[in-house]
Number of protein chains: 2
Amino acid sequence: MANLRDVARRAEVDPSTVSRVLRDDPSQQVRPETRERILTAARELNYRPNALARGLRTRRTDTIGLIIPSLDNLGFSDVTHGIQAAAAAAGKLVMVVDAGAVDGSAPEWAEVLDGAVDGGEPGASPASAAATKGDVYERLIGDGRLDGLIVAFAALDDRHVAQLAERGIPLVLVNRRTTGVHGSVVVDDVRGSAVAVEHLVRLGHRRIGLIGLAADTDTARRREAGYRQAMTAADLAIDERWVEAGPPTVEGGRAALYRLLAASRSARPTGIVVASLMSAVGVLSALRDSGRHVPDDISIVAFNDHPFADHTAPPLTTVRMPNLRMGQEAVRMLLHALDGVPVGDLVVPDAPELVARESTAPPRD
Amino acid sequence: MANLRDVARRAEVDPSTVSRVLRDDPSQQVRPETRERILTAARELNYRPNALARGLRTRRTDTIGLIIPSLDNLGFSDVTHGIQAAAAAAGKLVMVVDAGAVDGSAPEWAEVLDGAVDGGEPGASPASAAATKGDVYERLIGDGRLDGLIVAFAALDDRHVAQLAERGIPLVLVNRRTTGVHGSVVVDDVRGSAVAVEHLVRLGHRRIGLIGLAADTDTARRREAGYRQAMTAADLAIDERWVEAGPPTVEGGRAALYRLLAASRSARPTGIVVASLMSAVGVLSALRDSGRHVPDDISIVAFNDHPFADHTAPPLTTVRMPNLRMGQEAVRMLLHALDGVPVGDLVVPDAPELVARESTAPPRD
DNA sequence: TCCTAGGGTACTCCTATCTTT
DNA sequence: TAAAGATAGGAGTACCCTAGG
């Protein structure tokens, strides 16, 4: 591989001149003729500047990190896509760490949707020394190879997030807030719940339940608060037996639904808002298994849209959150942070949208 | 941020000694007492070696690149997961480039890229025309920031792959083979098709079609070949009107199915093998839309399993390919390649497995 | 003379900032 | 003043040295 000196020799100039030309350094002039010689030499040698050497000198690597609980999760795909696209558009590379993979946890796609699941320590992972969660993250961000970091959802527990923040690395949290850390983007979860409740109310439902996120996270709290506020606003009573929560997985949804059914024998809800797409899939299957028909017996609205919601049985009515935008905004904020602009907490202004499919209908009674 | 010299000063030793201790260099001895002093100093200063400086010197970055067509294709998720997990276990970081995201990028991308060297004609417009996919990858891998690269599926065309190979960067292709490039891992696609065909044959089907992959890739060819061989082995005739292909997307599946239906009015297949999970979902919905019942009117078997297949309408019978293993093997091969061990082409030995669900049944007639 | 325990230097490649012609 | 050269890092590691017993 050719380096700067090789180019300089071939063009018969000093390496620093080559550097100036190739960087288009405006602070100093180079004769067109010399510039031409240098560009030709670089092309002929197929020269590429070495990113490591450049980064060492400039303290910029044009690389951002992304820590995400799981790459194969339907609920995250829009966010990831938004981040990748925005980063690419800004000329940044993305280093992705799949927290689930690092953890060595089972590759269960639905393990974590948008709530928090704080994984236990690997414990019995002798493997190589570098394989522990903390190590990898510490190395990743303390290394100097990243300009900044995006932590999506509950990929790290608050303790780790605080550590990163202390290190002074520019940091943006996605759909996740932690006290004391600046830089976060969330979608309007309160409004999202309201959209779901209002849809059911419009259909004529009055007994509306919630299957929320079990984890004690900001997102879980906002979604539940939105549900309660919307119910109150619609003058509807909340029966606490209709409010359940579970991990955002298919199994979590099934279990939560069974608990809800067991608790509410005397007065069943006719509609349920489910705070996670994965849970909703589990809810549908549990309802089917228990001989209930959706939407005739019970209507279901789920948080987060995905093309696959078109293809469940029945197709799921969802609330589409602006997740793509959330990812893009996260990158935008991070880029600002890299430029030293202080960043705050953003709620993506795009309104959640109801995507009506076939899992909701007027109540039968 | 503390550096090596800071640690050396605090421990009152030479930087090179600190380096040896922190790297556990076995080639030279350090007194336990000195070692302790150094470790303490490093801990107190919260020292982390700078990856850029280290990489510059050692020519190793402990980072591998992954180029993948799309992060939100369910059929790929196991592969990605296997790669992430194996990389993490080996202490490697992964730089992911979502080819789809890069492709759809804004024109700014071009300018950023061309800023360095590859700028097209000097006199012409600022070279934004040269902003091809290839440039991004050129930069990514010519940069020195990656030790090696995994190219998954058809993320790059053969020409680009060949370019990368020429550059001499260790390279492993996943479910993709190109003549002349060494290092590839594939699953047994031929056998996969056979498993699907045999399942339908066992159920009594004799008119079996294929919706393959449209791209002119090795994988597409192997899956089609497997179908043809299995049909021949079962003494079944192939009606070419039953053989269609399309891109591996929901829409691609829908369109291919409609073409197949249009072409085969006089003699319809009773079962179809679909070479992609995403396409199969589209096929299901198109069949529903056209008033056909699955599996009574037509049976569907899809390539690649995913938990979501449990929840489509009806649940999809699939052939589970050893994709997780394929991802892990890709990393293993790449690590070998990094050590200078020549790598060949591997077919993951794990057999494809049929996962019977409800989209297949004996034919009605 | 050999070993121990560590020191010193050169080198990786690029860029920022002087200095020179 | 335009145009280029020279120098000094940036942070680490490989390799060669040396003082002392």
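The values are calculated or read from the model by the stated rules, or taken from the named source; none is laboratory data. None of the values given here were measured: they were computed from a predicted structure. Don't worry about glycine lacking a Cβ; one is built from the backbone with ideal geometry, like all the others, and counts go over all protein chains shown.
On the stretch given as region A:344-360, residues that are assigned to a loop (DSSP other than H, G, I, E, B), surrounded by fewer than 20 Cβ atoms within 10 Å (Cβ to Cβ) and not charged (D, E, K, R) total 4. Does residue B:302 fit the bill of being more than 11 Å from every other protein chain (Cβ to nearest Cβ), more than 28 Å from residue A:280 (Cβ to Cβ) and among the small types (Gly, Ala, Ser)? It is false that residue B:302 is more than 11 Å from every other protein chain (Cβ to nearest Cβ), more than 28 Å from residue A:280 (Cβ to Cβ) and among the small types (Gly, Ala, Ser). Select from region B:305-329 the residues that are more than 14 Å from chain A (Cβ to nearest Cβ) and of a type outside the set (S, T, N, Q) and list them in ascending order. Within region B:305-329, B:319, B:321, B:329 qualify. Inclusion of residue B:228 among residues that are surrounded by fewer than 22 Cβ atoms within 10 Å (Cβ to Cβ) and touching a residue at least 60 places away in the same chain (Cβ under 8 Å) is not warranted. Within region A:203-210, identify whether any single residue is surrounded by fewer than 20 Cβ atoms within 10 Å (Cβ to Cβ), on the phi > 0 side of the Ramachandran plot and in contact (Cβ under 8 Å) with a residue 12 or more places away in the chain, and answer yes or no. Among the residues of region A:203-210, at least one is surrounded by fewer than 20 Cβ atoms within 10 Å (Cβ to Cβ), on the phi > 0 side of the Ramachandran plot and in contact (Cβ under 8 Å) with a residue 12 or more places away in the chain, which makes the answer yes. For region B:1-11, residues that are in contact with a Ser or Thr (Cβ under 9 Å, 6 or more places away or on another chain) and either more than 8 Å from DNA strand C (Cβ to nearest atom) or at positive phi (or both) total 3.
Keeping to region B:29-84, report how many residues are among the β-branched types (Val, Ile, Thr), in a helix (DSSP H, G or I), within 12 Å of chain A (Cβ to nearest Cβ) and more than 11 Å from DNA strand C (Cβ to nearest atom). If you could, list the steps in order and put the result at the bottom.
Here is the first cut: in region B:29-84, the ones among the β-branched types (Val, Ile, Thr) are B:30, B:34, B:38, B:40, B:58, B:61, B:63-64, B:67-68, B:79-80, B:83.
Narrowing further to those that are in a helix (DSSP H, G or I): B:34, B:38, B:40, B:58, B:79-80, B:83.
Right, trim to within 12 Å of chain A (Cβ to nearest Cβ) and you get B:58, B:79-80, B:83.
If we keep only those that are more than 11 Å from DNA strand C (Cβ to nearest atom) too, we end up with B:79-80, B:83.
Residues in region B:29-84 being among the β-branched types (Val, Ile, Thr), in a helix (DSSP H, G or I), within 12 Å of chain A (Cβ to nearest Cβ) and more than 11 Å from DNA strand C (Cβ to nearest atom): 3 in total.
Of the strands (runs of 3 or more DSSP E) lying entirely inside region B:173-257, those carrying at least 2 residues that are closer than 30 Å to residue A:310 by Cβ are B:208-213, B:243-246.
Let's see how each residue does on (1) in contact with a Phe, Trp or Tyr (Cβ under 8 Å, 6 or more places away or on another chain); (2) within 16 Å of residue B:70 (Cβ to Cβ):
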| site | (1), (2) |
| --- | --- |
| A:61 | no, no |
| A:65 | no, no |
| A:68 | yes, yes |
| A:75 | no, no |
| A:82 | no, yes |
| A:89 | yes, no |
| A:92 | no, no |
| A:96 | no, yes |
| A:99 | no, no |
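Return the only residue of B:26, B:15 being within 8 Å of DNA strand C (Cβ to nearest atom), under 43 Å from the mean Cα position of the chain (by Cα) and away from chain A (no Cβ under 14 Å).
Working: B:26 fails: within 8 Å of DNA strand C (Cβ to nearest atom).
None of the others qualify; the one that does is B:15.
None of B:79, B:96, B:18 is surrounded by 23 or more Cβ atoms within 10 Å (Cβ to Cβ) and within 11 Å of DNA strand D (Cβ to nearest atom) except B:18. Do we find that residue A:236 is in contact (Cβ under 8 Å) with a residue 12 or more places away in the chain and buried (at least 19 other Cβ atoms within 10 Å of the Cβ) in this structure? In short, no.
Does residue A:159 satisfy the criteria of being in contact with a Phe, Trp or Tyr (Cβ under 9 Å, 6 or more places away or on another chain) and surrounded by fewer than 21 Cβ atoms within 10 Å (Cβ to Cβ)? If you could, list the steps in order and put the result at the bottom.
On the way: in contact with a Phe, Trp or Tyr (Cβ under 9 Å, 6 or more places away or on another chain): no; surrounded by fewer than 21 Cβ atoms within 10 Å (Cβ to Cβ): yes.
It is false that residue A:159 is in contact with a Phe, Trp or Tyr (Cβ under 9 Å, 6 or more places away or on another chain) and surrounded by fewer than 21 Cβ atoms within 10 Å (Cβ to Cβ).
Output the residue which, of all residues in region A:4-15 that are in contact with a Leu (Cβ under 9 Å, 6 or more places away or on another chain) and over 13 Å from residue A:43 (Cβ atoms), is nearest to DNA strand D (Cβ to nearest atom). Looking at the filtered set, the residue picked out is A:15. Within region B:264-316, the residues that satisfy the criterion of being more than 16 Å from residue B:199 (Cα to Cα), within 22 Å of the chain's Cα centre (by Cα) and assigned to a loop (DSSP other than H, G, I, E, B) are B:276, B:306.
When the residues of region A:167-194 are narrowed to those that are small (Gly, Ala, Ser) and farther than 28 Å from residue A:61 by Cβ, which ends up surrounded by the most Cβ atoms within 10 Å (Cβ to Cβ)?
Filtering region A:167-194 for residues small (Gly, Ala, Ser) gives A:168, A:180, A:183-184, A:192-194.
From what is left, the residues that are farther than 28 Å from residue A:61 by Cβ are A:192-194.
On the way: A:192: 26, A:193: 28, A:194: 23.
Among those residues, the one meeting the criterion is A:193.
Checking the condition closer than 30 Å to residue B:159 by Cβ, among the β-branched types (Val, Ile, Thr) and in contact (Cβ under 8 Å) with a residue 60 or more places away in the chain, which residue from B:187, B:195 passes? Result: B:187 is the single residue among B:187, B:195 that is closer than 30 Å to residue B:159 by Cβ, among the β-branched types (Val, Ile, Thr) and in contact (Cβ under 8 Å) with a residue 60 or more places away in the chain. Counting just the residues of region B:27-58 that are surrounded by 12 or more Cβ atoms within 10 Å (Cβ to Cβ) and of a type in the set (D, E, K, R), which one comes out nearest to DNA strand D (Cβ to nearest atom)? Filtering region B:27-58 for residues that are surrounded by 12 or more Cβ atoms within 10 Å (Cβ to Cβ) and of a type in the set (D, E, K, R), the one nearest to DNA strand D (Cβ to nearest atom) comes out as B:54. Restricting A:91, A:142 to those that are at pLDDT 75 or above, surrounded by fewer than 20 Cβ atoms within 10 Å (Cβ to Cβ), at the interface with another protein chain (Cβ under 7 Å from one of its Cβ atoms) and farther than 30 Å from residue A:303 by Cβ reduces the list to A:91.
Count of region A:41-70 residues, restricted to those that are polar (S, T, N, Q) and more than 28 Å from the chain's Cα centre (by Cα), is 3. Taken as a whole, the structure places residue A:131 among residues that are at pLDDT below 90, within 7 Å of another protein chain (Cβ to nearest Cβ) and closer than 29 Å to residue B:325 by Cα. Each residue in region B:14-28 was checked for being closer than 22 Å to residue A:142 by Cβ and outside any helix (DSSP H, G or I), and 2 of them qualify.
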